[in-house]
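The values are calculated or read from the model by the stated rules, or taken from the named source; none is laboratory data. Only a predicted model underlies this, so the values are computations on that prediction, with no experimental measurement involved. All Cβ positions, glycine included, derive from the backbone under ideal geometry; neighbour counts span all protein chains shown.
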Amino acid sequence: MWQNKIPVTIITGYLGSGKTTLLNRVLADKVGEKSAVIVNEFGDIGIDSQLVSTTEEEIIEINKGCICCNVRSDLIRLLTKLLKRMQRNKVYFNRVIIETTGLANPGPVIQTFLMDDVMAQWFKIDAVVTVLDVKHLPYHLDEPEAKEQIAFSDVLLFNKTDLVSLNKLDNLVEKVSDMNQTAKQLFSVNSEIDTKQIIDIDSFQLGQKLELNPNLLDSHHHHHHSDVRSFVLKDDRPLHINKVNQWFSYLVQIKGENLFRYKGILYIKDYKERVVFQGVHMLFSGKQDRPWKKDEKKQSEIVFIGKDLDVEEFRKGFEYCMKE
């Protein structure tokens, strides 16, 4: 058994945004070597067309020791098949890259790696990367799929920036930031970036610092561009663990369907360690992390990303957790 879990990068984005171009850039780079690539169609991954048309296999080898997999059925079954092949030394890969279809909500793919015991044992999500076509995104920014792709993202790649004015780009960035203010923002022409900015960045893991752009929204000010939004709750007063458990139990049961992503660091009364957590819809996990450092400011910091969320209701629940 491998000591380390295999990192998974999920590349999502609307139709024509530049996902496949980005994927091909990763595969052409050293960082993409020995990747297992999972796509819905082989067609655009730069594989010899004659090979693709004659193979019945779901799994074929491509350049630089990469494996390309066609998801014709179930993702779990395909990944299990890959693992078994690796255990028999038939194939080798040290990461998985999944390109979703343009209309796919990445939520179910993320849940696959959190819910299934075998998947959780062998794999970890490294990052969810959403590619945005800045020229055409304004026309479908209100579509549920586009909103969810933005909300679930760890990295937002604003692509085709050469096709819009700086003013239009700034307006779009503001609207997108309102939906997800913790995702790292990158900008590109023709999906050309340093691929190290999206591969092996470990941005989905518990205990990661919430990297908030200081120019974006704070917890007391929100625009209302969309029914999908993100907001942050912070406080340096300690929380009571029993009340935290009650509050999160309520949130998961009652609000879970509309909570796309939520994560944070908690300052719990009488705990020497930080408590870190994250959730996707009704799936929630948390643990005691490292001890607070002597010079570290003790505070709780939580980000919520979701649909139709009442910020004041969340703030009242957060406040309840601090009361004696």
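I need the full set of residues from segment 3-37 which are more than 14 Å from GLY102 (Cβ to Cβ), in a loop (DSSP other than H, G, I, E, B), more than 18 Å from the chain's Cα centre (by Cα) and touching a residue at least 12 places away in the same chain (Cβ under 8 Å), in order please. Residues satisfying the conditions are ASP29, GLU33, LYS34.
Note on segment 175-204: residues that are free of Cβ contacts under 8 Å to residues at least 60 places away in the same chain and β-branched (Val, Ile, Thr) amount to 2. Out of all the residues in segment 202-223, is one or more modelled with pLDDT of 95 or more and either crowded, with 19+ Cβ neighbours inside 10 Å or outside the structural domain of SER17 (by TED's automatic domain parsing) (or both)? No, because not a single residue in segment 202-223 is modelled with pLDDT of 95 or more and either crowded, with 19+ Cβ neighbours inside 10 Å or outside the structural domain of SER17 (by TED's automatic domain parsing) (or both). The C-beta contact set for segment 102-125 (first residue not assigned by TED's automatic domain parsing to the domain that holds SER285, second residue in a helix (DSSP H, G or I) and among the basic types (Lys, Arg), distance under 9 angstrom, 6+ apart or interchain) comprises GLY102/LYS19.
For segment 258-290, the tally of residues that are in contact with a Phe, Trp or Tyr (Cβ under 9 Å, 6 or more places away or on another chain), more than 15 Å from PHE152 (Cβ to Cβ) and part of a strand (DSSP E or B) stands at 12. For the structure I just gave you, tell me whether LEU132 is surrounded by 14 or more Cβ atoms within 10 Å (Cβ to Cβ), closer than 24 Å to ILE199 by Cβ, touching a residue at least 40 places away in the same chain (Cβ under 8 Å) and touching a Phe, Trp or Tyr at 6+ places or on another chain (Cβ under 7 Å). Yes. Regarding segment 101-119, can at least one residue be identified that is under 24 Å from GLU192 (Cβ atoms), hydroxyl-bearing (Ser, Thr, Tyr) and in a strand (DSSP E or B)? Within segment 101-119, none of the residues are under 24 Å from GLU192 (Cβ atoms), hydroxyl-bearing (Ser, Thr, Tyr) and in a strand (DSSP E or B). Going through (1) more than 30 Å from ASP142 (Cα to Cα); (2) buried (at least 18 other Cβ atoms within 10 Å of the Cβ); (3) of a type in the set (Asp, Glu) one by one, GLU301 falls short only on (1). Residues that are buried (at least 18 other Cβ atoms within 10 Å of the Cβ), at pLDDT below 90 and not hydrophobic (A, V, I, L, M, F, W, C) are absent from segment 74-86 altogether.
Among the residues of segment 152-174, are any assigned to a helix (DSSP H, G or I), touching a residue at least 12 places away in the same chain (Cβ under 8 Å) and buried (at least 22 other Cβ atoms within 10 Å of the Cβ)? Break it down into steps so the answer makes sense when it comes.
Start the filter on segment 152-174 by keeping residues that are assigned to a helix (DSSP H, G or I), which leaves 161-163, 166-174.
Then drop every residue that is not touching a residue at least 12 places away in the same chain (Cβ under 8 Å), which leaves 161-163, 168-169, 172-174.
Next cut, buried (at least 22 other Cβ atoms within 10 Å of the Cβ) only: none.
No, segment 152-174 has no match at all.
Just so you know, in segment 305-324 the residues that are in a loop (DSSP other than H, G, I, E, B) and surrounded by fewer than 19 Cβ atoms within 10 Å (Cβ to Cβ) include one that is modelled with the highest pLDDT, and it is MET322.
Can you find a residue that is over 24 Å from ALA120 (Cα atoms), outside the structural domain of MET115 (by TED's automatic domain parsing) and β-branched (Val, Ile, Thr) anywhere in segment 273-294? I'd like the intermediate steps shown before the answer.
From segment 273-294, those over 24 Å from ALA120 (Cα atoms) are 273, 291-294; that's our starting set.
Within this subset, residues satisfying the condition of being outside the structural domain of MET115 (by TED's automatic domain parsing) are 273, 291-294.
Add one more test, that the residue is β-branched (Val, Ile, Thr), and what stays is none.
Scanning segment 273-294, I find no residue that is over 24 Å from ALA120 (Cα atoms), outside the structural domain of MET115 (by TED's automatic domain parsing) and β-branched (Val, Ile, Thr), so the answer is no.
Checking each residue in segment 233-263 for being among the aliphatic types (A, V, I, L, M) and under 27 Å from the mean Cα position of the chain (by Cα) picks out LEU233, VAL244, LEU251, VAL252, ILE254, LEU259.
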